[in-house]
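Nothing in this text is a laboratory measurement; each read-out follows from the coordinates by a stated rule. Remember, predicted model here, so these are calculated numbers, not experimental data. Positions of Cβ are generated from backbone atoms using ideal geometry, with glycine treated the same way; all protein chains shown enter the neighbour counts.
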Ligand SMILES: Cc1cc2nc3c(=O)[nH]c(=O)nc-3n(C[C@H](O)[C@H](O)[C@H](O)COP(=O)(O)O)c2cc1C
């Protein structure tokens, strides 16, 4: 999830030791697709497919990965203003995890109440529970930590209570070039949901710091995309 996440790319990367591969993020309804188009207009690469093509596209991508790496879990990271399109996608055969994006901070997305703005929505718990109750796959919720005015631990507790399977947390802290290790530790000590830590795992040292927080797993975006992953993740 850092600009290139199609099956062709993921099939090349998985052998480096990943056990989950994430496709996307995809925008699934008219408001999020319109927002993504505006983002593209200012030069960002985002994935935009017409509404009726997204399902088929993801189904094809999942199959392309599963054909090569049968035991790897495939996840799709998605943005939508309501649970319904996420539920539809969550029923794709062989898709292991649907990941609700409560993380994107692009203004066009937050303006429609999506991405990290989801963390402020009164109906967040209900939104996630509806997805959990109506899909055949696991549910992950990807959040950004330290969003102004948002209590990250409270949100983590809410996500656990909603019945989701994973809390995927970009432990970004403004002005710091490493993850907020202390916050991750606090969250891991106070929730029972599986926590996937994310941010700045770009060296063996940072991977070790990430593991020391107590996370159940971690994800890597930029250093994988850059081709500069400087350590062997099969050690973990
Ligand atoms: C160009 C780019 C695109 C991204 N797109 C997404 C996305 O669609 N969905 C998402 O959840 N995170 C997205 N991210 C965030 C990354 O998945 C990750 O959370 C972030 O880069 C921090 O992790 P890292 O230090 O391993 O890169 C994107 C990041 C970059 C740099």
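At a glance:
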item	result
Selected residue (only one of 101, 111, 77 is away from the ligand (no atom under 15 Å from the Cβ) and in contact (Cβ under 8 Å) with a residue 40 or more places away in the chain)	111
Members of segment 35-56 found to be surrounded by 13 or more Cβ atoms within 10 Å (Cβ to Cβ) and touching a residue at least 12 places away in the same chain (Cβ under 8 Å), listed by number	35, 36, 38, 39, 46, 47, 48, 49, 54, 55
